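Worksheet for the structure shown next.
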Amino acid sequence: MIKLSDGRSLPLDMHKVKTVQRLPFPTVEQRLGAIREAGFNTFLLRTRDMFLDMLTDSGTNAQSDAQLAASMESDDAYAGSESFYKMADAVRDVFGCDYTLPAHQGRAAEHIIAKCLVKPGDVIPMNQHFTTTKAHFTLAGGTVEEICTDEAYNTDSSCLFKGNLDIEKLKKLIAKHGADKIPFIRMESTANLLGGQPFSMANLKEVRAIADQYDIPVIVDTSLVADNAYMIKRREPGYEQRTIAEIIKEIVSMADIIYMSGRKSTTSRGGLIATHKKEIHDLMAPLVPVYEGFLTYGGMSTREIESMAVGIREMTDEYCAGCAVDLIEYFVSRLAEKGIPVVKPAGGVGAHIDAMRFLPHLDHLQYPAGALAAAIFICSGVRGMERGTVSMDRDIDGTELVSELELVRLAVPRRAFTMSHIEYAVDRIAWLYEHREMIGGLAWDDEPKILRFFLGRLKPIAAGKAAANWDEELAQVFIRDFSLDM
Ligand code: F0G
């Protein structure tokens with residue numbers, strides 16, 4: 001962020017564009033057709049049918065010239081590839097971990113951790129689950145316990161660390177289940193499903209102290225660690241003068257194991273598990289060739305390993321660590337200026353719109369966040385992601401698990417979008433907010449049993465003043481206010 005002469009803050013791009021991709025701009029009628037075809041599930045849209053893909057910041061970040069150059073120097077070998085050793089060196093330098101196990105992405109690391117550490121009947125406390133984390137730990141017979149602070153569910157908050165774990169709840173959980181039922185405590189940096197909210201270093205230190213007291217390991221999911229470190233530097237007293245590299249190292253020093261999706265902070269497409277404990281490495285290493293690939297590639301192409309090695313180092317550059325966070329802060333402040341209910345304070349991953357406050361006439365089981373994501377797509381061609389009840393699977397007995405938060409996430413991939421994209425999205429969402437009563441709910445057409453949000457299909461339903469064909473009526477009003485090809 002840079003201060004302008006009129007006092008405003010500007011997220012200044014510290015890069016220039018070298019390669020571009022031409023984007024399609026489908027008409028509102030084409031967008032309506034596409035979302036219907038996709039069963040009102042933005043995961044099932046094709047990118048040719050959209051303008052801005054804000055589904056995720058995972059694997060969609062612009063890579064640096066140094067990353068691309070490194071990938072061309074990759075050493076293709078099934079075993080012993082030099083590319084892997086470059087990544088392991090980067091892990092040692094940046095995270096301070098001597099042992100690295102490659103995995104093709106974050107959930108593959110979660111799979112191996114679950115297989116090695118989670119037993120039926122185990123309870124795993126965490127600041128917040130991620131969808132794939134919960135799926136793997138539950139499949140292994142464990143129960144995930146989210147023990148974030150109550151403030152984390154307040155979408156209009158001034159709390160700077162809504163990703164903190166509630167220490168009192170942790171103590172109660174340990175007293176209730178006993179430390180031997182808790183294989184580890186998991187901290188997600190930043191808590192994705194809470195709206196990319198960071199934890200503070202002070203909180204992580206408290207978690208570590210409790211873990212030491214009961215001899216429970218700590219696992220930090222470092223998929224978004226650079227973003228969390230940047231927010232610690234900007235927000236936590238005592239860290240203003242510390243470098244991102246120092247903060248990342250301090251976070252990792254508090255963990256027994258880290259794992260990550262390399263698709264986010266490191267702007268590459270891979271994953272890893274790292275530790276400074278040889279016994280943990282030795283426990284997990286045999287599973288890597290079974291599920292991922294040999295120990296020196298783990299399901300990744302050597303080109304990606306090279307670019308991840310560079311990405312791990314580059315994310316310690318304050319600009320790289322903060323480029324998404326700063327643009328998200330701008331995005332959130334522009335949405336808030338228009339009166340749109342958006343998760344505050346701004347965090348990582350993207351801007352998160354509060355669908356319960358945007359659509360107060362819908363209840364959780366009419367899937368407000370899913371409906372809002374579809375409506376945003378119809379009137380803008382911007383693809384966001386439902387992060388609410390649709391993203392929660394039913395309980396084993398079939399009961400719906402209602403999400404505390406109903407969010408539409410508009411992700412901001414690193415260095416991919418510009419200010420004009422953000423301004424366009426803000427404008428169309430503000431128009432939609434004026435017409436929010438026209439948006440109805442959604443109901444299942446086809447509901448998968450596991451991770452239903454990926455492949456499930458839904459249909460529009462009437463709610464409040466909105467008719468059952470609200471999608472079509474919304475498109476008609478849009479054409480009236482704009483034009484056919486906007
Ligand atoms: N942990 C966190 C915090 C994540 O955000 C993700 C993925 C994963 C683990 C799983 O990693 O996708 O490489 O297997 N988040 C993506 C998202 C999918 O869109 O937020 P993966």
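The values are calculated or read from the model by the stated rules, or taken from the named source; none is laboratory data. Owing to the predicted nature of the structure, the values given are computational and were not obtained by experimental measurement. Counting neighbours? That spans all protein chains shown, and the Cβs are built from the backbone with ideal geometry, glycine included. Quick note on the areas: whole protein, heavy atoms, side chains included, nothing else; ligands and nucleic acids left out. Shrake-Rupley method; radii C 1.70, N 1.55, O 1.52, S 1.80 Å.
A few notes on this one:
- Estimated inter-spin distance, Gln241 and Thr47, nm [label 7 Å along Cα→Cβ]: 4.5 nm
- Oblate is the label for the stretch 447-486, because the ratio a/c of its alpha-carbon gyration tensor axes (a ≥ b ≥ c) is 1.5 or higher and a/b is not greater than b/c.
- Of the residues Asp180, Asp212, the one with the largest accessible area comes first in the ranking Asp180, Asp212, computed with a 1.4 Å probe on protein heavy atoms.
- Per-residue ellipticity at 222 nm, computed for the chain from helices alone with -39500 (n - 2.57) per DSSP H run of at least four residues, works out to -12000 deg cm²/dmol.
- Derived scalar couplings between HN and Hα for the stretch 277-285 equal 9, 4, 5, 6, 4, 5, 5, 8, 3 Hz in order, rounded to whole Hz, by the Karplus curve 6.51 cos²θ - 1.76 cosθ + 1.60 (θ = phi - 60°), x for Gly and Pro.
- With all protein chains modelled, accessible area of Lys278 [1.4 Å, Å²]: 110 Å²
- Area of Asp93 that stays accessible when all protein chains are in place (1.4 Å probe, Å², to 10): 80 Å²
- R0 of 51 Å, Cβ-Cβ distance Arg22-Lys119: FRET efficiency to nearest 0.05: 0.50
- Placing pseudo-labels 7 Å out from each Cα toward the beta carbon at Asp76 and Asp317 gives an inter-label distance of 2.9 nm.
- The antiparallel fraction among DSSP beta bridges confined to the chain stands at about 65%.
- Report note on the peptides 77-89, 444-456: ranked by the mean count of other C-beta atoms within 10 Å, highest first, their order is 77-89, 444-456.
- Listed by chain and number, the aspartates and glutamates placed with their C-alpha closer than 18 angstrom to that of Lys169 are Asp122, Glu145, Glu146, Asp150, Glu151, Asp180, Glu188, Glu206, Asp212, Asp215, Glu404; residues fewer than eight positions away on the same chain are left out.
- Per residue solvent-accessible surface (Å²) - the chain, probe of 1.4 Å: 39 Å²
- Debye intensity ratio in log₁₀ form over the Cα atoms of the chain, taken at each q of 0.11, 0.12 Å⁻¹: -0.91, -1.08
- Taking label positions 7 Å along the Cα-Cβ direction at both Trp431 and Ile479, the computed distance is 1.4 nm, reported to one decimal.
- By average C-beta atoms within 10 angstrom, highest first, the peptides 224-235, 251-262, 400-411: 224-235, 251-262, 400-411
- DSSP beta bridge pairing in the stretch 65-318, given as percent antiparallel to the nearest 5: 50 percent
- Heavy-atom surface analysis with a 1.4 Å probe gives the stretch 207-254 a carbon and sulfur content of 48 percent of its accessible area.
- The alpha carbon centroids of the stretch 86-133 and the stretch 221-243 are separated by 21 Å.
- Arg22, Arg242, Arg428, ranked by accessible area, largest first (probe 1.4 Å): Arg22, Arg242, Arg428
- Over 28 Å [Cα-Cα, the stretch 65-318], rounded percent: 29 percent
- Glu423-Ala202 FRET efficiency (beta carbon distance; Förster radius 41 Å; 0.05 resolution): 0.65
- When the surface is traced with a 1.4 Å probe over the full set of protein chains, Tyr153 keeps roughly 60 Å² accessible.
- Point-charge dipole on Cβ atoms (K/R +1, D/E -1) for the chain, about Cα centre, debye to 20: 240 debye
- Cα centroid separation, the stretch 269-339 to the stretch 392-435 (Å): 23 Å
- Over 23 Å between alpha carbons, listed pairs Lys16/Lys249; Lys172/Lys264; Lys162/Lys249: Lys16/Lys249; Lys172/Lys264
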